[in-house]
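What follows is a set of notes on a single structure, which appears directly below.
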Amino acid sequence: MKKLIAGNWKMNGSLAMVAELTQAVVSKAQELDDVCDFLLCPPAVYIRDVTRFAQSSAVQVGGQDCSCEESGAYTGEVSAAMLRDTGCDYVILGHSERREHHKETSALVAAKAEQALRHNLTPIICIGESENERTRGKEKTVVGQQIDESLPAALSENIVIAYEPVWAIGTGKSATPDDIADMHQFIREKLQEKLADSAMIRILYGGSVKPGNATELFSVPDVDGALIGGASLKADQFLAIGAAVKD
Ligand code: PGA
């Protein structure tokens, strides 16, 4: 399966940075097109700029969140239809920062995923345990429950799962290849239980992915790409992670 290299810019960037970063990624992405797909997820206000720079390239664009509602009196929200309208193909949902700071529940994430699918967006559904949960040996219980509750009711193979252990995000502490292999296999089995046709669902790893650990990461079975925060803000690092797919 072709790997998905997804950049989650979070609340970072400026118009100047959007232009520079997107153009740099676009100009290199073609060379790596046979091994990976690149996806950029900028803050919502910059989506239109990124889609313009990425036009007629293989680079795809995604949102970082969407509303579970269709439209209406929801101040500050961005709808799935709007993301589609401005050129998005994907939307990140249920990132641990949204679960933590915005108290998003798995049920809400599932409702958002339904809405994304309704508007032809591929939801990237984020799951992952906290440090405390892993220390207590509860990581599979937590991740299993998140899968049970965060997936859209009308499940299709048009979703992506991002396994991001919360303690590995932005900390420089990536999970070990063995831990990642074990969890991705568990996630793959859970998906198979729910959907006969689940073999094509990509399972990404996220959490301190860098050029220095990307080669090892991509050699782990069932790692179908990466969701990258910090290193996606530097074109050379982001592209080096993509190039590591070939190693
Ligand atoms: P990080 O973030 O690569 O900076 O650890 C990953 C994420 O939050 O998706």
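The values are calculated or read from the model by the stated rules, or taken from the named source; none is laboratory data. Since the structure is predicted, the reported quantities are computational estimates derived from the model, not experimental observations. Note that we place each Cβ from the backbone using ideal geometry, even for glycine, and neighbour counts take in every protein chain shown. Heads up: the accessible areas ignore ligands, DNA and RNA and are worked out on the full protein's heavy atoms, side chains in. Shrake-Rupley method; radii C 1.70, N 1.55, O 1.52, S 1.80 Å.
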Query - Scaled radius of gyration (Cα, divided by 2.2 N^0.38 Å) that the range 171-219 gives - result: 1.28
Query raised in the report: Kirkwood hydrodynamic radius for the range 1-92: how many Å is it when counted over pairs of different Cα atoms?
Result: 13.6
Report task. Calculate, in whole percent, how much of the Cα-Cα pair population of the chain lies beyond 22 Å. Result -> 50
Query - the chain: calculated mean residue ellipticity at 222 nm from DSSP helix runs of at least 4, using -39500 (n - 2.57) - result: -12000 deg cm²/dmol
Query raised in the report: Given a cut-off of under 8 Å on Cα pairs at least six residues apart, what relative contact order in percent is computed for the range 73-212?
Result: 23
Report summary line: A convex hull over the alpha carbons of the range 81-210 yields, per residue, a volume in Å³ of 115
Query raised in the report: What is the count of Lys pairs in the range 1-143 whose alpha carbons sit under 23 Å apart, if the two are 8 or more places apart or on different chains?
Result: 8
Query raised in the report: When N counts the residues of the range 149-247, how does its alpha-carbon radius of gyration compare numerically with 2.2 N^0.38 Å, as a ratio?
Result: 1.09
**Report entry** Over the range 82-151 - Rg/Rh using Cα atoms and the Kirkwood inverse-distance radius
**Finding:** 1.05
Query raised in the report: Can you give the charge dipole size of the range 1-120 about its Cα centre, rounded to the nearest 20 debye, using +1 on the beta carbon of Lys and Arg and -1 on the beta carbon of Asp and Glu?
Result: 100
Query raised in the report: Per the 1.4 Å probe, what fraction of the accessible area of the chain, in percent, lies on carbon and sulfur atoms?
Result: 49
Report summary line: the range 31-51 scanned against label point 7 Å out from residue 85 along Cα→C-beta; backbone N under 18 Å for 44-51
Query raised in the report: Can you give the FRET efficiency for residue 70 and residue 103, using 1/(1 + (r/R0)^6), R0 = 22 Å, r = Cβ-Cβ distance, to the nearest 0.05?
Result: 0.50
Query - Separation of the residue 153 and residue 179 label points, Cα + 7 Å toward Cβ, nm - result: 3.6
Query raised in the report: Given C-alpha coordinates of the range 59-105, what is the ratio Rg to Rh with the Kirkwood estimate of Rh?
Result: 0.99
Report task. In nm, give the distance between the simple-model label positions of residue 189 and residue 17, each being 7 Å from the Cα along the Cα-to-Cβ direction. Result -> 4.1
Query raised in the report: Using 1/(1 + (r/R0)^6) with R0 = 30 angstrom and r between the beta carbons of residue 120 and residue 52, what's the FRET efficiency to the nearest 0.05?
Result: 0.90
Query - Charge dipole (debye, nearest 20) of the chain; +1 at Cβ of Lys and Arg, -1 at Cβ of Asp and Glu - result: 340
